[in-house]
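To keep things clear, I will list the structure first and then write my remarks on it.
The values are calculated or read from the model by the stated rules, or taken from the named source; none is laboratory data. These numbers come from a predicted model, not from an experiment. Using ideal geometry, Cβ is built from the backbone for each residue, glycine included, and neighbour counts are taken over all protein chains shown.
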Ligand SMILES: Nc1ncnc2c1ncn2[C@@H]1O[C@H](COP(=O)(O)OP(=O)(O)O)[C@@H](O)[C@H]1O
Ligand SMILES: Cc1cn([C@H]2C[C@H](O)[C@@H](COP(=O)(O)OP(=O)(O)O)O2)c(=O)[nH]c1=O
């Protein structure tokens, strides 16, 4: 790998992560990096089809987790792996932490099963940096209600998001070297200021 870094954006729905991805991408581009901006589930033509299914069809919890990893397998093969090999920087709107948080935390799927899938699909690949946009549930919900039609995950109840958020925060404690927790209740300007400092230190 020739110098590229892998940055992931995470957080419960409505936390504000999508609002800041372009900002970070443009900071990196201004610093002369080639940036590949992608997302999960999705990021490839097949992955986008799987995204449609998983966001809108009812299915067994394990099917849901397997489809997340199927989309991810393709994403790594087609997009993330080749980009990092070229030395590009990859910014992904969600990655495996989302499966631990949503399917593991939110839906209570055994974390050991997810660890096994992670070992299978990307035994050696981990993000260099994970930006966790963190807000209380009420703030996230108010932001979502103000802006968009909700998908299958966004329609979940408060206890689902509480468990999802807890699992994200637990992982941030477990992997302090790669996680940065962003207090996303602050203004967009304050969040951007913090992101600028983090990116400058990369
Ligand atoms: N720091 C912030 N302060 C106020 N509103 C915000 C902030 N960050 C995001 N928002 C707003 O909240 C809504 C959801 O943000 P979005 O980035 O789409 O969330 P996510 O991608 O985490 O689901 C958007 O309308 C966005 O403008
Ligand atoms: C990657 C991933 C996403 N998800 C969920 C979280 C989100 O609710 C949904 C789509 O994520 P996202 O792209 O953040 O949604 P939006 O475009 O509406 O901001 O998929 C999982 O449940 N598990 C996963 O592994």
**OP:** With the condition kept exactly as written, say whether any residue in segment 68-91 is surrounded by fewer than 18 Cβ atoms within 10 Å (Cβ to Cβ) and within 26 Å of residue 144 (Cβ to Cβ).
**Re:** no
Subject >> Among residues of segment 183-202, those that are surrounded by 15 or more Cβ atoms within 10 Å (Cβ to Cβ) and either without any contact (Cβ under 8 Å) to a residue 24 or more places away in the chain or within 15 Å of ligand 2 (Cβ to nearest atom) (or both), counted >> reply: 2
**OP:** Just need a number here: residues in segment 1-42 that are in contact with a strand residue (DSSP E or B) (Cβ under 7 Å, 6 or more places away or on another chain) and within 16 Å of ligand 2 (Cβ to nearest atom).
**Re:** 17
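Conditions tested, residue by residue: (1) modelled with pLDDT of 95 or more; (2) within 8 Å of ligand 2 (Cβ to nearest atom); (3) over 27 Å from residue 23 (Cα atoms).
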{"site": "61", "(1), (2), (3)": "yes, no, yes"}
{"site": "65", "(1), (2), (3)": "yes, yes, yes"}
{"site": "76", "(1), (2), (3)": "yes, no, no"}
{"site": "85", "(1), (2), (3)": "yes, no, no"}
{"site": "95", "(1), (2), (3)": "yes, yes, no"}
{"site": "99", "(1), (2), (3)": "yes, yes, no"}
{"site": "103", "(1), (2), (3)": "yes, yes, yes"}
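Restricting to segment 90-147, name every residue that is outside any helix (DSSP H, G or I) and within 14 Å of residue 166 (Cα to Cα).
Kept after step one, since they are outside any helix (DSSP H, G or I), are these residues of segment 90-147: 90-95, 107-110, 122-136.
Passing the criteria: 107, 108, 132, 133, 134, 135, 136.
This table checks each residue for (1) surrounded by 18 or more Cβ atoms within 10 Å (Cβ to Cβ); (2) over 27 Å from residue 156 (Cα atoms); (3) more than 13 Å from the chain's Cα centre (by Cα); (4) at pLDDT 95 or above.
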position	(1), (2), (3), (4)
6	yes, yes, no, yes
18	no, no, no, no
27	yes, yes, yes, yes
31	no, yes, yes, no
41	yes, no, no, yes
